[in-house]
Amino acid sequence: MEMTPRKKARNIFYFISPWFVIGTMVVLMPIFIFITIDNLDKQKEYTTALLVEKGAALIRSFEAGARTGIGMQWSGFQLQKLLIETAQQADIDYFIVTDARGRIHADSDPSMVGETYGADLDLEQIAQMKTVQWRRIINEEGADTFEVYRRFAPVDSPFDAFQSRIIPKSKQDGPKSPAAYIIYVGLNMETVEKARTADFKHALVMGAVLLLIGFAGIVMLLLAQGYQTAKSALSQIKAFSDSLVEHMPIGLVALNRNGEIISINRTAENVLKLSASGVINQKAEQALPPLFLDLTHEIDASGLVIEKIYPCPLGDSIVPLEIVAASLNEEDGSFMGHVILFRDITEMRRLENELSKTRRLASIGSIAAGIAHEIRNPLSSIKGFATYFRDRYRDVPEDKNTADILIQEADRLNRVISQLLTFARPMTIEKTQQPIQKIIRHCLKMIEGRLHEKGIGVVAGIPDDIAPLSIDRDAVEQALLNIFINAVDSMDKGGVLSVSLFQHSDAMIRIEVSDTGCGIAEQNMDRLLDLYFTTKPSGTGLGLPIVQKIIDAHDGEIKIFSQPGLGTTVTLLFPTEG
């Protein structure tokens with residue numbers, strides 16, 4: 001997927017804040033201004049040093065020439081000519097020689113001889129100094145002059161001979177000047193000023209370039225850091241999203257714009273019975289059910305998100321899938337591909353059916369409770385009249401037997417109604433710490449008469465080291481009695497009732513009740529816990545549903561295993577901590 005120029009620019013400058021630009025300029029500007037000014041000052045010092053050295057060299061050169069001329073007995077004209085010729089060099093404005101009073105003894109402009117120069121200086125002090133001095137003279141009409149001056153001493157002896165040769169007699173109208181002279185060299189600064197202006201511009205340009213380079217360097221460092229940060233964040237987000245997609249409980253299949261599979265998670269593999277390594281980069285029509293291709297065509301035609309439940313043929317079975325499918329588009333609306341989310345709702349359908357069944361049973365139970373309440377009152381009257389007639393006609397055996405049958409049937413109906421009411425009412429239990437061994441033995445004691453009557457033996461494995469449980473004693477006794485009675489009823493010709501108590505795990509204990517009775521047919525196993533289902537001619541179909549209700553109220557579990565003709569085993573699991 002290519003990025004548009006606008007998107008690239010936005011990504012590049014994402015990490016550059018305007019405040020960062022302002023802050024960077026505020027920090028860098030003083031640094032580069034200082035560097036630029038310092039460079040200019042150094043250039044100025046270097047230029048001044050060069051001009052001073054140039055002026056000193058010219059003075060030394062003229063002194064050497066004057067020394068030679070004096071030795072060769074040159075006339076004043078020759079010495080004046082030497083000074084004028086020396087002043088003819090490039091960038092020299094003038095050459096002047098004065099005495100300590102400022103009177104000009106020699107000048108590159110001969111008309112100035114005898115005039116006064118340097119009255120604004122301490123001539124007496126300068127005439128005694130051998131070091132070079134300098135000053136800048138401002139010229140309003142042209143380039144400034146850089147003037148270099150010091151004591152003029154071509155020879156060590158008094159310099160009267162110089163005066164007599166270089167100054168015309170017409171201008172020697174006073175006493176001789178002291179033998180101390182000063183020489184001035186005026187250097188034209190036009191070339192220097194041009195060079196300094198060029199250096200100034202160059203320094204400004206270089207400062208600006210360095211400023212931009214520094215700013216660009218900081219920006220590049222920031223971009224590099226931002227890139228690394230974004231890369232790290234992207235890696236973390238990718239790892240998180242990959243893990244999320246891989247482990248999400250919903251199947252996901254992503255297709256690119258060419259209809260090729262580019263992503264499939266573990267749930268989708270399990271539902272579609274596919275392997276990701278075998279279908280990645282394959283065409284969708286080669287690996288996915290036709291239903292998925294129909295969805296992509298429907299999305300392309302409508303442009304909408306599709307949410308439907310489809311029966312999807314997978315192998316030999318048809319699996320109901322809840323599917324959400326949509327197209328993937330970039331920010332500018334360009335098409336990228338399709339994404340399909342789905343989940344197997346087989347278990348949900350089963351739970352919905354169970355819930356519907358439970359609601360029907362609850363409705364039936366509510367109705368049955370109302371009917372049972374209405375039946376119990378007249379049933380009490382029937383039992384009362386039957387008892388009356390049995391006592392009145394006790395001398396008539398036939399009538400007495402009829403009355404006894406009426407009383408027994410009334411009691412049986414009353415028991416059925418009691419069980420019905422127990423099942424219909426919400427289960428409320430009160431847990432206390434109870435020794436489960438004592439409860440099991442008590443329930444066996446209660447059915448002792450039935451056991452002897454049918455010749456059934458008992459094998460009990462009830463260890464004493466099982467810790468007390470947090471249970472409702474009456475409810476658990478009722479559950480055990482129902483299981484024991486069912487076991488006894490299945491052994492009409494005698495047999496063995498086995499009761500065992502185990503520590504199933506650290507969190508559960510197990511009670512197993514086994515009989516050697518007739519067993520339960522395989523087709524009836526799934527209906528054992530259904531309300532009103534029974535295999536006994538006189539059964540009510542309420543015993544085991546009540547047991548399950550009690551066990552569920554204790555957060556336990558009931559399991560039933562049976563083999564026709566061999567017997568049945570009922571396993572109860574109770575948590576050790578209630």
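The values are calculated or read from the model by the stated rules, or taken from the named source; none is laboratory data. Computed from a predicted structure; not experimentally measured. Positions of Cβ are backbone-derived with ideal geometry, glycine not excepted, and every protein chain shown enters the neighbour counts.
Count, please, the residues in the range 496-521 that happen to be of a type in the set (A, V, I, L, M), part of a loop (DSSP other than H, G, I, E, B) and buried (at least 19 other Cβ atoms within 10 Å of the Cβ). Total satisfying the criteria: 1. Cβ-Cβ distances below 8 Å connect the following pairs, each with a first residue in the range 487-509 that is more than 15 Å from Gln437 (Cα to Cα), a second residue that is of a type in the set (Asp, Glu) and in a loop (DSSP other than H, G, I, E, B), and a separation of six or more residues or different chains: Ala507/Glu577.
Note on the range 222-247: residues that are at pLDDT below 80 and either of a type in the set (S, T, N, Q) or not in a helix (DSSP H, G or I) (or both) total 3. Please state which of the following conditions Phe292 fails to meet, knowing it meets all the rest: (1) free of Cβ contacts under 8 Å to residues at least 40 places away in the same chain; (2) within 27 Å of Asp316 (Cα to Cα). Status for Phe292: all satisfied but (1). Residues in the range 254-284 that are surrounded by 12 or more Cβ atoms within 10 Å (Cβ to Cβ) and not in a strand (DSSP E or B): 15 in all. Anything in the range 32-61 that is modelled with pLDDT under 85 and buried (at least 16 other Cβ atoms within 10 Å of the Cβ)? List them, or say none. Result: Phe32, Thr36, Asn39, Leu40, Gln43.
Every residue, every condition in (1) closer than 17 Å to Phe342 by Cβ; (2) among the β-branched types (Val, Ile, Thr), yes or no:
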residue	(1), (2)
Val271	yes, yes
Leu274	yes, no
Gly278	no, no
Asn281	no, no
Gln286	no, no
Leu291	yes, no
Asp294	yes, no
Ile299	yes, yes
Val305	yes, yes
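Annotation: of all residues in the range 200-221 being in contact with a helix residue (DSSP H, G or I) (Cβ under 7 Å, 6 or more places away or on another chain) and at pLDDT 80 or above, the one that is nearest to Arg136 (Cα to Cα) is Phe200. State whether the residues of the range 233-250 include one that is free of Cβ contacts under 8 Å to residues at least 24 places away in the same chain and of a type in the set (Phe, Trp, Tyr). Yes, some residue in the range 233-250 is free of Cβ contacts under 8 Å to residues at least 24 places away in the same chain and of a type in the set (Phe, Trp, Tyr). Mind checking whether some residue in the range 334-347 is part of a loop (DSSP other than H, G, I, E, B) and surrounded by 14 or more Cβ atoms within 10 Å (Cβ to Cβ)? Yes: the range 334-347 contains one or more residues that are part of a loop (DSSP other than H, G, I, E, B) and surrounded by 14 or more Cβ atoms within 10 Å (Cβ to Cβ).
Selection of first residues in the range 198-212 that are of a type in the set (Gly, Ala, Ser) and of second residues that are surrounded by 13 or more Cβ atoms within 10 Å (Cβ to Cβ) and assigned to a helix (DSSP H, G or I), restricted to Cβ pairs under 6 Å at least 6 apart or on distinct chains, gives the following pairs, ordered by first then second residue: Ala203/Thr36; Ala203/Asn39; Ala203/Leu40; Gly207/Phe32; Gly207/Thr36.
Each residue in the range 285-305 was checked for being in contact with a Cys (Cβ under 9 Å, 6 or more places away or on another chain) and assigned to a helix (DSSP H, G or I), and 2 pass. Would you call Ile237 farther than 25 Å from Leu40 by Cα, β-branched (Val, Ile, Thr) and touching a helix residue (DSSP H, G or I) at 6+ places or on another chain (Cβ under 7 Å)? No: the conditions fail for Ile237.
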